[in-house]
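Please treat every number below as a calculation from the coordinates, not as lab data. These numbers come from a predicted model, not from an experiment. When we count neighbours, we look across all protein chains shown, and the Cβ atoms used for this are built from the backbone with ideal geometry, even at glycine.
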Amino acid sequence: MIPELGHFALALALALSLAQAVFGLWGAQRAEPRLMAATAPLAIGTLIATGTAFACLMWSFAVNDTTVSAVVQNSHSAKPMLYKLTGTWGNHEGSMVLWVLILALCGGAVAGFGRKLPSTLQARVLAVLALVAVGFLAFILGTSDPFLRVWPPPMDGQGLNPILQDPGLAFHPPLLYLGYVGFSVTFAFAIAALIEGRVDAAWGRWVRPWALAAWSFLTLGIALGSWWAYYELGWGGYWFWDPVENASLLPWLAGCALLHSAIVVEKREALKTWTVFLALLAFGLSLLGTFLVRSGVLNSVHAFANDPARGVFILFLLMVYVGGGFALFAWRAAAMAPTGVFAPLSREGALVLNNLLLCSIAAVVLVGTLYPMFADLILKQKISVGPPFFNSATLPLVVPLIGAMALGPVLPWKRARLWPALQRLWWAALGALAALLLCLALEGQQIGPALGFAAAAWLILGAVADIADRIALFSRPRAALARARGLPRAAWGGAIAHAGLGVMMLGLAGMGLATDRLALLQPGQSASLAGYDYRLDSVQDVAGPNFSARRATVTVTRNGRDVVVLTPERRSFPVGRMTTTEAAIHTTWLSDLYVVLGDERDGGAVLRIHHNPLAPWIWFGAAIMALGGGISLSDRRIRVSAPAAKLARGEVTA
Amino acid sequence: MSEATAPDTPNPWRRRALLLAPLVVAGGAGLGFYAMLRGLGTGSYDPRGVPSALIGKAPPDFSLPPLEGADRPGLSAADLHGQGRPVLVNFFASWCVPCVIEHPQMMRLSRAGVPVFGVAYKDKPQDSLGFLQRHGNPYARLGVDLPGRVAIDWGLYGVPETYLIDKSGVIRWRWAGPVTEDTLTQDLEPLLRRYA
């Protein structure tokens with residue numbers, strides 16, 4: 001009964017969305033207030049319907065209803081309740097329902113908080129959001145019905161992939177989707193602007209909070225995924241340039257460019273065409289990621305079980321939304337005349353440089369990801385593009401980007417002179433140089449990590465210099481605190497986000513100095529790495545709730561003093577017939593001690609030991625970046641003129 | 001970007017072309033993706049498989065002697081078409097452990113009436129014979145490639161390796177590695193039905 005209710009709710013949501021799309025577009029075109037006024041209640045209705053469908057699906061997972069195919073394939077009664085619930089979106093069908101639910105949430109937010117918007121703009125935005133929802137609801141109902149029944153019901157489910165039974169991964173997809181779907185709102189605003197042929201400062205003020213919110217969630221989502229890969233997969237790495245990772249990085253880069261260029265639209269009414277293009281691109285790249293992951297056209301550890309019929313459907317949606325958006329862009333964008341004029345060396349100029357560099361990085365990642373697939377298709381050649389390509393091709397773009405990141409915020413609008421700006425940053429530059437030389441002196445010829453430390457110092461000190469300058473910390477220190485309180489939150493947010501990247505660079509540079517070794521140890525023997533001694537005490541059998549494991553006990557000492565006891569495990573899950581490695585990690589914040597249990601032979605065990613300096617700062621830095629985004633969102637200017645930010649902040653806490 | 005550097009837009013046609021570029025790129029990529037999806041269906045595009053230059057072509061010309069004592073005829077290129085149905089060519093060796101894993105699947109195919117032709121790759125004849133006596137002989141024809149010459153012409157990646165050749169004698173599918181139960185039900189059986 002409950003699954004049928006969910007199925008019905010999905011169909012209802014489809015009907016409501018269809019009405020919302022037609023009323024919105026038609027009503028705005030005809031300037032028909034009654035039709036336009038209907039879109040907001042319809043958006044709320046869609047939200048209630050999709051919410052009901054999602055709740056029904058979650059209920060089916062919670063009670064382990066084995067007549068539902070998705071539950072049978074992805075769940076098991078022996079699983080802890082938390083993972084039964086998170087299993088709702090740990091599979092293709094459920095994750096699509098979550099996707100649509102978040103889309104409906106965004107629609108509801110535009111309907112509820114967008115009353116101050118011009119009514120035609122609001123109606124068109126809601127209509128475009130509804131069009132996106134229609135496509136994906138039709139996709140769910142047509143090719144991936146989550147409520148499909150099986151009869152007779154099997155005794156129990158087939159279990160969830162044990163690698164996915166992890167809190168980090170349980171919340172990685174929802175955060176990513178909040179990011180991806182958030183860009184559908186900026187996409188809808190861009191389409192509405194193209195239809196109206198008008199982009200102004202008010203439009204920029206509306207788009208920026210959505211871009212910020214989407215970008216912040218995407219930052220958290222990507223960081224959580226990377227952290228999960230670090231501690232769960234046991235490879236000791238944090239980013240592998242896997243095509244699916246790249247697919248999430250691409251909208252992040254485009255979104256990052258978008259939220260910066262939206263500032264220029266809002267403050268100076270320039271870069272309009274470009275900002276609209278970025279809004280289309282960010283959503284297009286989000287959809288591209290969905291297509292790549294779910295269609296089976298690429299080879300990746302992340303890919304979902306694939307079905308060509310689904311692939312064709314998603315490709316069709318991708319072409320309708322992205323192709324339609326770009327066609328409208330080609331037709332209408334020429335009408336948008338820029339009004340603000342600026343010199344190359346100015347805040348605007350720095351933001352243009354930021355956009356150019358971010359988009360170039362995105363282009364490099366896009367080509368590196370797609371080229372092997374197209375080479376296979378057209379040239380019939382199998383090639384693989386790996387980390388060496390991405391690392392060496394993005395480095396020359398990242399270096400000037402970081403250089404400009406500290407400089408940009410201290411430049412004035414319209415026209416700037418370089419010398420006064422550099423004067424404000426001289427001590428940040430000095431700090432960066434000191435970090436570079438210090439690293440070279442301590443670690444020898446390690447140019448990559450040395451550059452990383454220099455970048456970290458430059459960004460963090462540069463952000464401090466920016467804030468210090470704005471509150472006149474040195475020139476008039478007495479009133480600095482009062483000025484700090486009066487400083488717009490957007491300024492704080494920007495500085496904090498930039499410093500967050502600096503903190504992340506610290507972690508990346510530290511990981512550049514990581515060392516590891518492989519040791520076959522008999523119980524009682526020890527191996528040493530980076531000043532720590534790792535003694536294997538024993539390897540025993542242990543039983544978990546739904547797995548059995550081999551657990552090694554490793555005592556770590558430094559100069560004869562005990563540091564910590566690590567217990568890496570190799571777990572085997574009988575239901576999924578899978579083994580996972582549980583790395584044991586001890587963090588001192590200065591470094592991670594990371595031990596993985598490998599094969600056992602001749603009474604001993606192979607241990608892989610990693611020493612990862614500053615590793616936790618990578619994810620800590622990402623969290624700071626997202627925090628900066630959140631603080632920027634709480635800016636009074638955004639709250640007053642564009643109340644949607646309220647919702648976006650509400651989502652942060654949710 | 002153009003408006004940032006040239007706000008007065010000297011050439012409207014160039015600007016139009018620039019604005020059209022994203023659509024053209026997206027359209028091209030879309031066509032490519034569609035071709036990939038089609039290729040996934042027909043087997044000509046496979047992101048996971050090891051490539052073979054022979055897909056869509058006729059197998060190289062060869063002729064291999066039979067295995068003494070196995071009571072099966074030898075194998076040559078001429079045997080691969082004119083069977084009226086798709087055939088499988090399976091490279092194996094007694095010294096290869098994955099071949100033991102895949103053997104039950106070959107037996108199953110053979111019992112289902114699919115012509116399975118074997119090539120014993122770099123394997124001593126008495127060892128091949130012992131292997132077939134222990135695990136059963138699924139092969140309707142069996143060639144011995146002791147020096148591994150024919151395998152080079154086929155572009156063999158390693159053993160076991162299996163090729164599907166359609167009615168007209170064109171190679172349609174190549175699988176490097178053991179044909180497991182999953183491979184059998186998810187890949188091979190649909191292909192056999194398609195080319196039947």
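Couplings 3J(HN,Hα) of region A:425-431, computed from phi: 10, 4, 6, 5, 5, 5, x Hz, in residue order, whole Hz [Karplus 6.51 cos²θ - 1.76 cosθ + 1.60, θ = phi - 60°; x for Gly and Pro]. Determine the distance separating the Cα centre of region A:21-77 from the Cα centre of region A:432-461; give it in Å without decimals. Using only Cα atoms to place each centre, the spacing works out to 52 Å.
The magnitude of the dipole of region A:137-253, with charges of +1 and -1 set on the Cβ of Lys/Arg and Asp/Glu and taken from the Cα centre, is near 400 debye.
Cβ-Cβ distance of residue B:20 and residue A:29, R₀ of 25 Å, FRET efficiency by 1/(1 + (r/R0)^6): the value works out to about 0.55. Annotation for residue A:15 and residue A:485: the two label points, set 7 Å from Cα along the Cα-Cβ direction, are 5.7 nm apart. Net charge dipole, region A:1-165: roughly 580 debye, given to the nearest 20, about the Cα centre with Cβ charges of +1 for Lys and Arg and -1 for Asp and Glu.
Sequence-ordered 3J(HN,Hα) estimates for region A:48-56 from the Karplus curve with 6.51, -1.76 and 1.60 and θ = phi - 60° stand at 5, 5, 5, x, 4, 4, 5, 4, 5 Hz, glycine and proline given as x.
Evaluating 6.51 cos²θ - 1.76 cosθ + 1.60 at θ = phi - 60° for every residue in region A:512-527, the Karplus couplings come out as x, 9, 5, 10, 8, 8, 10, 9, 8, 10, 8, x, x, 7, 9, 10 Hz, glycine and proline recorded as x.
Go through A:382/B:57; A:84/A:382; A:79/A:382; B:57/B:124 and tell me which ones have a Cα-Cα distance over 29 Å in this structure.
A:84/A:382; A:79/A:382; B:57/B:124
Counted by neighbouring Cβ atoms within 10 Å, the residues A:415, A:208, A:601, B:14 run from fewest to most as A:601, B:14, A:415, A:208.
Let me know the mean shielding of A:328-336 by other chains, meaning the per-residue number of their Cβ atoms within 10 Å of its Cβ. All intermediate terms of the calculation are to be shown ahead of the outcome.
Details: counts 1, 5, 9, 4, 1, 6, 6, 0, 1.
Neighbouring Cβ atoms belonging to other protein chains average 4 per residue here.
Taking amide H as placed 1.01 Å from N in the peptide plane, residue B:161 has its amide H under 5 Å from the amide H of B:91, B:177, each at least 5 places away in sequence or on another chain. When each of the peptides A:196-205, A:71-80, A:13-22 is scored by how many other beta carbons lie within 10 Å of its residues on average, the order from highest to lowest is A:13-22, A:71-80, A:196-205. Subtracting the Cα-Cα distance of residue A:515 and residue A:150 from their residue separation scaled by 0.36 nm leaves 126.3 nm.
For the pair residue A:309 and residue A:537, label points projected 7 Å from Cα toward Cβ lie 5.7 nm apart.
If you count, for every residue in B:16-25, the Cβ atoms of partner chains within 10 Å of its Cβ, what is the mean?
Mean inter-chain Cβ contacts per residue within 10 Å come to 5.
Neighbour counts of other Cβ atoms within 10 Å put A:276, B:87 in the fewest-to-most order B:87, A:276. Computed extension gain for residue A:141 through residue A:78, at 0.36 nm per residue and net of the alpha carbon distance, reaches 19.7 nm.
Under the convention that each Lys and Arg Cβ holds +1 and each Asp and Glu Cβ holds -1, the size of the dipole of region A:362-513 around its Cα centre is about 780 debye. Once backbone amide H atoms are built at 1.01 Å from N, residue A:564 has A:556 as its partners under 5 Å, excluding neighbours fewer than 5 places away on the same chain.
Full extension of the chain between residue A:475 and residue A:331 yields a length gain of 46.6 nm, computed as 0.36 nm times the residue separation minus the alpha carbon distance. Under 19 Å of direct C-alpha separation, and excluding same-chain neighbours fewer than eight residues apart, residue A:414 reaches these lysines: A:267, A:272.
Compare the Cα positions of A:420, A:510, A:454 along the charge dipole of region A:414-512 (+1 at Cβ of Lys, Arg; -1 at Cβ of Asp, Glu; about the Cα centre) and return the one farthest towards the positive end. Value computed over the given set: A:420. The calculated FRET efficiency for the pair residue A:427 and residue A:392, based on their C-beta separation and a Förster distance of 22 Å, comes to about 0.10. Distance between the modelled labels on residue A:419 and residue A:572, one decimal in nanometres: 7.5 nm (7 Å Cα→Cβ projection).
A cut-off of 5 Å between modelled amide H atoms, ignoring neighbours fewer than 5 places along the same chain, links residue A:77 with A:157.
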